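Notes to accompany the following structure.
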Amino acid sequence: MKTPAPSRPVVCTDLPTPLGPLLLAATDSGLAGAWFHEGQRDTPAAEQVARWKRDAAHPLLHQAADRLGRYFAGERVAFDLPLDLGAGTAFQQAVWQALCLIEPGRTVSYGDVARAIGRPAAVRAVGAAVGANPVSVIVPCHRVMGANGSLTGYSGGLHRKVALLALESGEPRLI
């Protein structure tokens with residue numbers, strides 16, 4: 001799992017959510033991470049997180065926590081936060097930026113994302129990049145489905161993907 005570069009100062013905080021606590025992390029460039037503490041693949045190593053400064057009052061972390069709180073309360077929230085996606089490759093960053101363009105309540109396929117970034121044959125690589133997304137919920141990888149519309153993997157667990165999609169579509173609360 002690529003996380004913010006060790007040479008860059010990282011601040012973090014924990015945020016309780018209806019789907020379990022999230023670890024939020026930021027650098028001086030933007031929000032660099034949002035990982036569920038339990039049941040999420042590719043989370044930063046505990047030793048790495050232990051070196052990060054904890055600061056719930058950090059302006060960007062406070063802003064992210066506020067928006068996520070409103071999101072989980074059912075509001076349509078614009079996650080117009082600065083992002084630091086520099087831990088990813090250029091390809092991953094292109095995929096993650098494309099994910100940010102998927103509107104709430106809408107889903108797309110991995111092939112759609114591949115075409116959106118101008119790499120229509122790179123569907124499997126897009127899938128890997130989607131799975132490596134370090135900023136869960138805010139970079140909405142949960143809005144990507146299989147080619148036939150089926151639910152496919154979500155690094156935070158399929159139960160969370162189902163709940164996030166239900167929340168965004170206005171279905172009865174599953175969280």
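Observations, loosely collected:
- Gyration tensor verdict on the range 90-169 (Cα atoms; rounded if a/c is under 1.5, prolate if a/b is larger than b/c, oblate otherwise): prolate
- Net charge of Cβ neighbours under 15 Å - reference residue 122; Lys, Arg +1; Asp, Glu -1: +2
- When Rg and Dmax are taken over the Cα atoms of the chain, they come to 15.3, 44 Å.
- For the residues 35, 96, 52, a GNM of the chain with alpha-carbon springs under 10 Å puts the largest fluctuation on 52.
- Backbone N atoms of the range 91-118 closer than 19 Å to the 7 Å Cα→Cβ label point of residue 147 belong to residues 107-118.
Read-outs throughout are calculated quantities, based only on the coordinates presented, and are distinct from any laboratory measurement. These figures come from a predicted structure and were not determined experimentally. A quick note on method: Cβ atoms are made from the backbone with ideal geometry, for glycine too, and the neighbour counts reach across all protein chains shown.
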